Structures are given as C-alpha cells and as structure tokens.
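What follows is a single structure, written as structure tokens, with notes after it.
The values are calculated or read from the model by the stated rules, or taken from the named source; none is laboratory data. Every value quoted in this text rests on a predicted model; they were computed, and no experiment measured them. All Cβ positions, even for glycine, are placed from backbone atoms using ideal geometry, and neighbour counts span all protein chains on display.
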Amino acid sequence: MANHIIINNKIKSFKKIIKVSSDKSISIRSILIASQAVGISKISNLLESEDVLNSLKTIEKLGINYKKKNGSYYIYGFGLNGFDIKKNTTINAGNSGTLARLILGLLVKSKLKVKLIGDKSLSKRDFSRVITPLKLFGVNIKSKNNFLPIEIIGSDYLRPIKYDERIGSAQVKSCVILSALNTPGTTIINSKKSRDHTELMLKFLKYPIQVQKKISSERILIEGLKQFKAFEYEVPGDISSAAFFIVLTLLSKNSQITIQNININQSRIGIIRILNRMGANIKLKNKKIYNGEAIADIFVKSKLNLKSVDCPAKLNSSAIDEFLIIFLVASKAKGISKFKDLGEMNKKESKRLDLGIKFLKLIGIKVERFQNDIKIYGNPNLKLSKEFEIKNFLKDHRIFFLSCIAALTLGGKWKINDKQSANTSFPNFLKLLKIVGAKIN
C-alpha cells in the first residue's frame, strides 16, 4: 500500500460538527496511573494510536494485564510498585517521548534491570532532563551520552528530592511526580508552568498532592507510598488534533465547524489564545469540568483577514505542539508575526522549528531567524499553483498534518509522503478530512 497521498484541489465551503481523536497525553497518563492503582480501572474513549498502544504493551510487559471490552479498556492494577518484572525485560517506547520519560518514573523500585529503547526519532532525543532527577532519587540509570537505549535498576533506598524544573516540560515534571509515588517522604518540585494532566488526575484520585500556583511557576508537593484505588475515566478529545481542523476552517472560505468534547485545560489552549489575538473568533461552548479537566465544544468560522501577532513567550508551553500549524496561519496573516524562545520545538519528534521554517520557505514565505526567535512575513494573498512533494521531513506526524491543511487551503498539486505517521497520534485524520469535504487520493 502506498505511503503517500495526493491532494490537487482546495477544500470547498463546509459546515460540520465533528469529533476528533482522544487526547494522547491523557490517554498515556491514564494507562500508566491505572497500572499503579489497586483494582480494575476502566478507561473509555482511549486513543488507539501507536503511542498509546505502545503504552498498553509496556504495562503488559511489566506484569499488568489489560483487556478491551465493549470499546473500553480494563487495567488490572496491584498498587504502587505492583509490576512483576522479568529478567532481560526490554521496553520499546516507539516514537513516544511521553511514554519513555514517564515510564522511567514508575521503574524507580525495579529490582531487575529494564532496558528502554525507541524508534530512530526518539533515539535522537535528549534524556538528560529525566536522568538527572532520577539519579537524585537514588536510581541506578545508565545511558550513552544521555540518549536511548537506557538501562535502569531501581532502589529500595529511594530518597525524596527537591527539584527545580526550569524547562517547562510536562514530561520531566510528570516523571518526577511518578517517581515520588514510590518514594517515602515528600518530594518537592519547583516547576516552570506546563501542562498539568498528571497533577489533575492524581487530585481526582484524591492522592496527597498539593499544587501551589504562582504567576509563571508552581510548587508541587507529593507524599510518597500512598495507595489509591482503581478508577473510571473517559478520555476527552485532543486540542492538538482539533488544531488542524480549527486552522482548516479559519483559512477556508465561508466555512464553520464545531469540534465536540475537547479538553481545554488552561495549559493546552495557547493556540486558541494566539489565533484569537490574530483576529480569529474561536468560541468555547458547553463548558464543563470532568474529573478535574475542563471540557468544551470549540466553534470556529472562516476568517480571511487575519493579522500578524507578536506572540508572548509565556504562551509557548501551552502551544508547543501547535506552533507548526500556527506558522501556517502567520503565513496568511497581514504583517510580520514574531515568535520567541522556540528552542523546545527542536526537542520534539523532529527538529520542528528547523522543519517548520523549511516548510514555510518551500511555499514561498519569507522567514527570518535569530537563534530560536523567528519572524514570519505574512502574505494574505498567498495562493499556490505549483507542484509540491513533502518528503525528508523525518516522518513527523505533525508535519504530515500541516502539509495536508496547507494543500487544502492554499492550492497547488501536492504529493505528501509518510501517510502512516498519522497513526502516531491521529489515526482517523484523513477519514475526518474526507467527511469535512476534502478530496484526497
């Protein structure tokens, strides 16, 4: 089967109500936290993407059984440190940095050596950011130059730590939190603000975790060795998946869309704040709180006279996975859009800042870069008629999605490779595009 698609026509006007894939971050966390609960947890609407399925395979390899019944997943937990680890266990995290970094936090008491590997992309990502705090807990962890593969052996003599997380990485923060669950005493994290799904899920489970919020940081206190019961959880829709349909609608003529039941956690909706600053009028309807998480329907209408944005760096962490598609909006906006301190984009599945700039230049947009700051010179009249082939973009799923939205809104004849990368986070992406009206070969 061909691993590419062809798009030769812009999308026509549409008015649709859709649901996108379930939240990947919450799906992975719900599996890992259920593996530490006492009893049988039920998780509904779990995202069945490669990253999430790898999370299920991982807990199974560590001795935690699960089954799927009537569309829900049942996970059989034995409490904290309830893994049954066999000799010569190797975990393959695939492409998932979230799974790889968080599972290390749950292996801090492993009596046997566990080897962690990943795919080519994940093997190029820096793990020093979690290796450093894990060593402070007293864990024996080995890696060549802080990259995968990693070998970890836990300790019976773990000690609580005080850790300053300065990057704004939810993966690092969550790794430390999960390590603290199996550690006696109180672990304290002073963290730059980032997505807080792990904290909210533990609060929902009434686990003794305190979060003291400040303007740009937070102080988190976690008591260790407190068992918690199994739970039921329905995973909401993913804002990162919704982002592509938000922008598809904004940049199409006479169109509107309602995307139902999306997680609108304040640490995740940077894209909505940024696009509304650019003149979009994105509305959140039917808001509610579910197990600590904010949920809403997102309503979007076309907006063809968008303006440039001077994006405050304080919004970066809440839009870090969406900047590629935000760049596409900036390319059609009037004026020069400015983005600062985007180095964290290059720590993702690929060097997304580098590739995003390469993509914009490919479609004829002027971009200036100084270290990790960029300026995008928007062209409201941007229309494409040439032939484009998207390849050599390191099989990054978000580059694939970006290319599809560009083809459907800007025109031109496109051959877009690495179709299978969509399975990483949004397996029904192309199916949904066709439902909205896209013609894809």
Among Tyr66, Tyr74, the single one that is modelled with pLDDT of 95 or more, farther than 27 Å from Ile117 by Cβ and in contact with a strand residue (DSSP E or B) (Cβ under 7 Å, 6 or more places away or on another chain) is Tyr74
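I need the strands (runs of 3 or more DSSP E) fully contained in the stretch 1-81, keeping only those with at least 3 residues that are surrounded by 15 or more Cβ atoms within 10 Å (Cβ to Cβ). Lay out the reasoning, then the answer.
Details: elements: 4-7, 15-18, 38-44, 66-69, 72-78.
The qualifying strands (runs of 3 or more DSSP E) are 4-7, 38-44, 72-78.
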Would you mind telling me which numbered condition in (1) in a loop (DSSP other than H, G, I, E, B); (2) at pLDDT 95 or above; (3) closer than 18 Å to Trp414 by Cα Asn392 fails?
(2)
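Assigned to a loop (DSSP other than H, G, I, E, B), surrounded by fewer than 21 Cβ atoms within 10 Å (Cβ to Cβ), among the acidic types (Asp, Glu) and in contact with a Lys or Arg (Cβ under 8 Å, 6 or more places away or on another chain): does that describe Asp84? Break it down stepwise before answering.
Values: assigned to a loop (DSSP other than H, G, I, E, B): yes; surrounded by fewer than 21 Cβ atoms within 10 Å (Cβ to Cβ): yes; among the acidic types (Asp, Glu): yes; in contact with a Lys or Arg (Cβ under 8 Å, 6 or more places away or on another chain): no.
It is false that Asp84 is assigned to a loop (DSSP other than H, G, I, E, B), surrounded by fewer than 21 Cβ atoms within 10 Å (Cβ to Cβ), among the acidic types (Asp, Glu) and in contact with a Lys or Arg (Cβ under 8 Å, 6 or more places away or on another chain).
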Restricting attention to the stretch 161-182, which residues are in contact with a Phe, Trp or Tyr (Cβ under 7 Å, 6 or more places away or on another chain) and crowded, with 21+ Cβ neighbours inside 10 Å?
Val176, Ser179
Please list, ordered by first then second residue, the pairs with beta carbon atoms under 8 Å, 6 or more apart or interchain, first in the stretch 128-153 and in contact (Cβ under 8 Å) with a residue 40 or more places away in the chain and outside the structural domain of Leu107 (by TED's automatic domain parsing), second outside any helix (DSSP H, G or I) and surrounded by fewer than 14 Cβ atoms within 10 Å (Cβ to Cβ).
none
Any chance the stretch 121-132 includes a residue that's out of contact with any Lys or Arg (no Cβ under 9 Å at 6 or more places or on another chain), closer than 20 Å to Leu62 by Cα and either surrounded by fewer than 21 Cβ atoms within 10 Å (Cβ to Cβ) or not acidic (Asp, Glu) (or both)?
no
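Here's a check for you: in the stretch 243-266, which residue that is among the aliphatic types (A, V, I, L, M) and not in a strand (DSSP E or B) is nearest to Leu410 (Cα to Cα)?
As a first pass, look at the stretch 243-266 and keep what is among the aliphatic types (A, V, I, L, M): 243, 246-248, 250-251, 257, 259, 262, 264.
Checking which are not in a strand (DSSP E or B) leaves us with 243, 246-248, 250-251, 264.
Numbers: Ala243: 17, Ile246: 15, Val247: 12, Leu248: 10, Leu250: 12, Leu251: 8, Ile264: 28 Å.
Going through the qualifying residues, I end up with Leu251.
With Ser337, Ser331, Ser350, Ser318 as the choices, which residue is part of a helix (DSSP H, G or I) and among the small types (Gly, Ala, Ser)?
Working: Ser337 fails: part of a helix (DSSP H, G or I); Ser350 fails: part of a helix (DSSP H, G or I); Ser318 fails: part of a helix (DSSP H, G or I).
Within the list Ser337, Ser331, Ser350, Ser318, the selection yields Ser331.
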